[in-house]
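Peer 1: Input: one structure, supplied below.
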Amino acid sequence: MKSPATRRMPRGVSRSLVFVEEIVPALLLAFIVVAITADVIGRYLFANPLQGAAEISLIAFVWATYLAVAGVSRQGRHIAIDVITATFSPRWQAIADIVAQLIIIGVLGYLVINGLDFFAQGHFTNLVGTGLSRRWLMLAIPVSAILMICYSARDLIVAVRGAISGDFQLTSNVPDDDIRPDNTPKEA
Amino acid sequence: MIWALLLVILVLIFLRVPVFASLLAVSVLYIMLEPTAGTVIVQRMSSGLESFPLLAIPLFVLAGTIMAGGGIAERLMAFATVLVGHFRGGLAQVNVLNSLMIGGMSGSSNADAAIDAKILVPIMRRQGYSNGFASAISAASGSISPILPPSIGLILYGVLANVSIGALFIGGVVPAILIALALSVTVWLISVRNKYPRVRDGRANFLEIWGSFRKSFFALLMPVLLIVGLRAGIFTPTELSAIAVVYSLVVAGFVYKQITWRDLPALFREAAITSAMVLIIIAAAAVFGIIVAYERIPDQLLGLLTGFTDNPMLILLFINLLLLILGMFMESMSLMIILVPVLAPLAASIGVDPVHFGLILVLNFTIGSITPPVGSVVYTVAAITGVKIPEFTRAFLPMFLALVVVLLLVTYIPELVTWLPELTR
């Protein structure tokens with residue numbers, strides 16, 4: 001069973017989202033492994049560590065995390081406790097999810113507005129090794145928040161429909177086959 | 001004020017609002033009256049992740065993912081069978097010993113319990129073990145992983161409380177062995193009573209043990225390399241995590257030949273997503289830290305506790321009870337992020353060694369996470385084995401008691417934790 005919102009997503013869009021939220025973070029992770037390993041090898045074998053490796057890895061880490069967080073939202077895998085809501089009827093689960101999604105959208109909206117405002121007007125210090133402004137690190141937050149708002153909006157629509165029809169299933173329980181390439185492991 | 005905010009967090013969390021959003025929502029509410037609050041929150045979300053030691057989390061997750069998919073589990077199980085298969089309830093003993101060995105790679109109770117539940121439980125059931133017992137021992141033995149290197153919980157505690165991650169890793173070794181021993185004795189007693197079978201008729205001879213050891217040597221070497229690398233000061237934890245990824249790729253790809261280049265994209269993507277689930281909570285908790293600081297929560301809590309008693313032993317008992325109960329209801333990483341900034345100063349103020357306290361904290365959360373009715377590991381195991389929760393609970397009770405005994409030992413005999421780090425200093 002696919003969620004209605006997911007089912008309607010154009011294939012090109014969904015593949016682009018998978019690329020941004022999963023493949024880019026995976027590539028950044030691979031880059032971090034290479035950079036840190038090269039730094040260690042350089043230090044011990046050639047007495048010449050890779051300059052700025054730690055800092056570049058940190059930038060990659062922050063971006064990888066915030067992009068992958070959007071992927072977590074798309075897959076409905078954020079850590080949440082459903083001890084109580086799991087005992088509700090489907091309709092009341094949907095109503096609880098509406099409340100949850102509205103809170104998430106509110107919080108993320110706050111991050112987008114303040115994040116973009118701060119990005120445009122704030123004063124940032126530079127990273128010591130690379131000289132790069134912290135502005136570019138911070139940009140990852142509103143970018144991620146915008147993507148997550150889209151998924152929360154999707155889940156909100158599903159929850160509203162579920163509250164009306166009384167037939168509701170959480171996004172985390174719905175396989176999103178149309179956006180997940182075949183070789184990707186399913187979530188636990 | 002603070003209690004009202006904590007209440008709101010709990011209500012949101014139990015309404016299934018994700019933990020990161022619950023923390024952020026309350027933080028936004030708290031500081032919204034301040035005109036520059038928006039930028040403070042965004043800054044904290046960014047600076048909360050600007051920590052080089054935190055980079056170890058996705059890399060150790062990646063190393064664990066590669067090892068898990070690299071045919072390591074089967075080799076370690078074969079080795080465990082050779083070592084303890086001749087005992088009464090041999091497969092259950094294998095379950096425990098395997099967790100001790102595989103814990104040195106996964107660092108996660110869920111991953112470890114899932115491996116045991118998938119591979120061992122079906123075999124145990126065919127040999128006459130009840131589903132409740134087989135599932136319960138798979139979950140209980142999962143409690144060993146989070147206190148062995150490369151435990152994600154210990155890394156997180158080390159970062160949050162500014163404690164040596166190397167000392168934490170080594171400090172977990174004796175408690176992990178104690179848990180394995182306690183569970184092993186419990187399993188033996190239950191197996192004798194229920195007449196559970198042995199896997200093999202007699203002890204393995206030296207050649208059998210040596211042959212099996214050689215097959216699993218590279219897998220067993222990883223935790224040793226982690227500890228030696230850290231304690232010898234050769235690598236930082238983050239560097240070690242990158243080396244662990246390279247090592248696991250070499251072992252799984254070239255030595256055991258269980259993964260190919262085609263498998264790598266999926267493994268890297270899964271590791272990125274799994275890490276992000278935890279890291280976003282860390283970023284949100286950095287924002288929540290503003291409230292913890294403004295409201296002087298550690299001082300308030302200390303005042304509350306010392307109002308009842310000034311006996312450190314009783315305060316530790318109270319903290320244990322609190323953590324154990326919370327651990328049953330909430331995910332351990334989230335709890336750690338919320339509670340470490342509060343409890344670490346409190347523990348220091350009553351003279352508890354920070355490494356010792358880190359182990360107490362992680363052990364509590366771990367036992368909580370495998371305890372019915374709501375521990376997350378219980379549901380991981382139940383989803384795989386199909387065990388009913390009441391049946392699981394009945395079988396789990398003696399194991400729970402064994403784990404609590406170890407917890408009390410670790411709490412009140414600090415040397416069990418601090419001896420090894422001091423020895424290797």
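Peer 1: Starting from the 7 Å offset along Cα-to-Cβ, what nm value, one decimal, do you get for the label separation of A:Asp167 and A:Arg135?
Peer 2: Once both label points are built, they end up 5.2 nm from each other.
Peer 1: Now for a different question. Just to verify a number: what accessible area does A:Arg91 come out at with the full protein assembly present, 1.4 Å probe, Å² rounded to tens?
Peer 2: 100 Å²
Peer 1: Can you report the principal axis dimensions of chain B using only the alpha carbons, biggest first, rounded to whole angstrom?
Peer 2: The Cα atoms of chain B stretch 72, 48, 43 Å along their principal axes.
Peer 1: Once all Cα-Cα distances of region B:53-109 are split into 5 Å bins that start at 0, what whole-number percent is in each one?
Peer 2: All Cα pairs, binned at 5 Å, distribute as 4, 20, 24, 19, 14, 9, 6, 3, 1 percent.
Peer 1: Moving on. Quickly estimate the mean residue ellipticity at 222 nm for chain B, helices only: each DSSP H run with n ≥ 4 gives -39500 (n - 2.57), and the total goes over all residues, rounded to 500. Walk me through the numbers on the way to the answer.
Peer 2: Working: 21 runs with 326 residues, N = 425.
Taken over chain B, the calculation gives -25500 deg cm²/dmol.
Peer 1: Further question on the same structure: For chain A, what are the per-bin percents of Cα-Cα distances with bins 10 Å wide, up to the bin holding the maximum?
Peer 2: 9, 29, 29, 20, 10, 3, 0
Peer 1: If you don't mind, another one. Considering only protein heavy atoms, what is the solvent-accessible area of B:Trp188 at a probe of 1.4 Å, reported in Å² to the nearest 10?
Peer 2: Per-residue accessible area (B:Trp188): approximately 110 Å².
Peer 1: Taking 22 Å as R0, compute the FRET efficiency from the Cβ-Cβ separation of A:Ile146 and A:Leu102 and round it to 0.05. Intermediate results must be reported in sequence, preceding the final value.
Peer 2: On the way: r = 17 Å, r/R0 = 0.78.
Taking R0 as 22 Å, the efficiency between A:Ile146 and A:Leu102 is 0.80.
Peer 1: Per residue in region A:48-74, which ones lose no less than 40 Å² of accessible surface when going from chain alone to all protein chains (1.4 Å probe)?
Peer 2: The answer is A:Leu58, A:Phe61, A:Thr65, A:Tyr66, A:Val72 - residues whose exposure falls by at least 40 Å² when every protein chain is included.
Peer 1: In whole percent, how big is the carbon plus sulfur part of the accessible area of chain A, probe 1.4 Å, protein atoms only?
Peer 2: Numbers: 5820 of 8720 Å².
Carbon and sulfur: 67 percent of the exposed surface of chain A.
Peer 1: I would also like to ask the following. Give me the orientation-averaged projected area of the Cα convex hull of region B:259-406, in nm², one decimal. Could you put the intermediate results ahead of the total?
Peer 2: Numbers: hull surface 46.8 nm².
Mean orientational projected area (region B:259-406, Cα hull): 11.7 nm².
Peer 1: Ignoring ligands, DNA and RNA, what percent of the 1.4 Å accessible area of region B:246-384 is carbon and sulfur? Numbers along the way, then the final one.
Peer 2: Details: 3600 of 5150 Å².
Whole-percent figure for carbon plus sulfur exposure: 70.
Peer 1: Now a separate question. Number of Lys pairs in the protein assembly as shown with C-alpha atoms less than 28 angstrom apart, excluding same-chain neighbours closer than eight positions?
Peer 2: Pairs that pass both the separation and distance tests number 11.
Peer 1: Further question: For the Cα atoms of chain B, what angle does the longest principal axis make with the long axis of helix B:206-231, in degrees from 0 to 90, nearest 10?
Peer 2: Taking Cα atoms only, the helix is inclined about 20 degrees.
Peer 1: Further, regarding this structure: Sorting A:His123, B:His86 by accessible area (1.4 Å probe), largest first, what list results?
Peer 2: Largest to smallest exposure gives the sequence A:His123, B:His86.
Peer 1: Need the C-alpha centroid separation for region A:42-104 versus region B:314-374, integer Å.
Peer 2: Each part's Cα centre sits 23 Å from the other's.
Peer 1: When the Cα atoms of the protein assembly as shown are enclosed in a convex hull and the volume is divided per residue, what value in Å³ results? Present the calculation step by step, with values, prior to reporting the outcome.
Peer 2: On the way: hull volume 96.9 nm³, N = 613.
Looking at the protein assembly as shown, the number lands at 158 Å³ per residue.
Peer 1: With heavy atoms of protein chains only and a 1.4 Å probe, what residues of region B:264-285 have at least 40 Å² less accessible area in the full set of chains than alone?
Peer 2: B:Ala266, B:Phe268, B:Arg269, B:Glu270, B:Ala272, B:Ile273, B:Ala276, B:Met277, B:Ile280
Peer 1: Report, to the nearest whole %, how much of the accessible area of region B:1-142 belongs to carbon and sulfur atoms, 1.4 Å probe, protein only. Walk me through the numbers on the way to the answer.
Peer 2: Working: 2820 of 4180 Å².
Of all accessible area on region B:1-142, carbon and sulfur atoms account for 67 percent.
Peer 1: Provide A:Trp136, B:Trp261, A:Trp92 ordered by accessible surface of protein heavy atoms (probe 1.4 Å), highest first. List each step's numbers first, then the result.
Peer 2: Working: A:Trp136 120, B:Trp261 195, A:Trp92 150 Å².
From most accessible down to least: B:Trp261, A:Trp92, A:Trp136.
Peer 1: Over the heavy atoms of A:Arg15, what accessible area does a 1.4 Å probe trace out, to the nearest 10 Å²?
Peer 2: 140 Å²
Peer 1: Would you calculate the separation in nanometres between label points at B:Ala348 and B:Phe308, each defined as 7 Å from the Cα along the Cα-to-beta-carbon direction?
Peer 2: The answer from the label model is 2.4 nm.
Peer 1: Next question. Would you mind counting up the charge near A:Gly129? Only other residues with Cβ under 14 Å from its Cβ, with Lys and Arg at +1 and Asp and Glu at -1. Provide the component values of the computation, followed by the final result.
Peer 2: Working: positive: A:Arg134; negative: A:Asp39, A:Glu55, B:Glu50.
Taking every Cβ under 14 Å from that of A:Gly129, the sum is -2.
Peer 1: Just to confirm, what accessible area per residue do you get for region A:1-146 at 1.4 Å probe, in whole Å²? Please list the in-between numbers first.
Peer 2: On the way: 6710 Å² over 146 residues.
About 46 Å² of surface per residue is accessible.
Peer 1: Right, next: For chain A, what does the helix formula give at 222 nm: sum of -39500 (n - 2.57) over DSSP H segments with n ≥ 4, over the residue count, nearest 500 deg cm²/dmol? It would help to have the intermediate numbers written out before the result.
Peer 2: Working: 7 runs with 118 residues, N = 188.
Rounded to the nearest 500, it is -21000 deg cm²/dmol.
Peer 1: Ordering B:Glu239, B:Glu422, A:Glu55, B:Glu391 by accessible area with a probe of 1.4 Å, largest first, what comes out?
Peer 2: Numbers: B:Glu239 10, B:Glu422 105, A:Glu55 35, B:Glu391 60 Å².
So the residues, ranked largest to smallest area, are B:Glu422, B:Glu391, A:Glu55, B:Glu239.
Peer 1: What does the charge add up to near B:Phe87, with Lys and Arg as +1, Asp and Glu as -1, over the other residues with Cβ less than 10 Å from its Cβ?
Peer 2: Neighbourhood net charge equals +4.
Peer 1: In square angstrom and rounded to 100, what buried accessible area do you get between chains A and B, total over both, with the probe at 1.4 Å? Display every interim value, and only then the final one.
Peer 2: Working: alone 11390 and 18570 Å², together 24660 Å².
Buried: approximately 5300 Å² between B and A.
Peer 1: How compact is region B:121-230 by the rule of thumb for globular proteins, expressed as Cα Rg over 2.2 N^0.38 Å?
Peer 2: 1.33
Peer 1: Right, another one. Are there residues in region B:44-83 whose accessible area shrinks by at least 40 Å² when all protein chains are included rather than the chain by itself, and which are they (probe 1.4 Å, ligands and nucleic acids not counted)?
Peer 2: Buried by 40 Å² or more upon assembly, which counts only protein chains, are B:Met45, B:Ser46, B:Leu49, B:Glu50, B:Phe52, B:Leu55, B:Leu59.
Peer 1: Continuing with this model, one more query. Before I look further, what does region B:331-418 give for accessible area per residue, probe 1.4 Å, in whole square angstrom? Show your work: numbers first, answer last.
Peer 2: On the way: 2850 Å² over 88 residues.
Value returned for region B:331-418: 32 Å² of accessible area per residue.
Peer 1: Measure of size requested: the Rg and Dmax of region B:8-71, with Cα atoms as the atom set and Å as the unit; please supply both.
Peer 2: When restricted to Cα atoms, region B:8-71 yields Rg and Dmax of 16.9, 55 Å.
The values are calculated or read from the model by the stated rules, or taken from the named source; none is laboratory data. Computed from a predicted structure; not experimentally measured. Counting neighbours? That spans all protein chains shown, and the Cβs are built from the backbone with ideal geometry, glycine included. Surface areas here come from the heavy atoms of the whole protein model, side chains and all, with no ligands, DNA or RNA. Shrake-Rupley method; radii C 1.70, N 1.55, O 1.52, S 1.80 Å.
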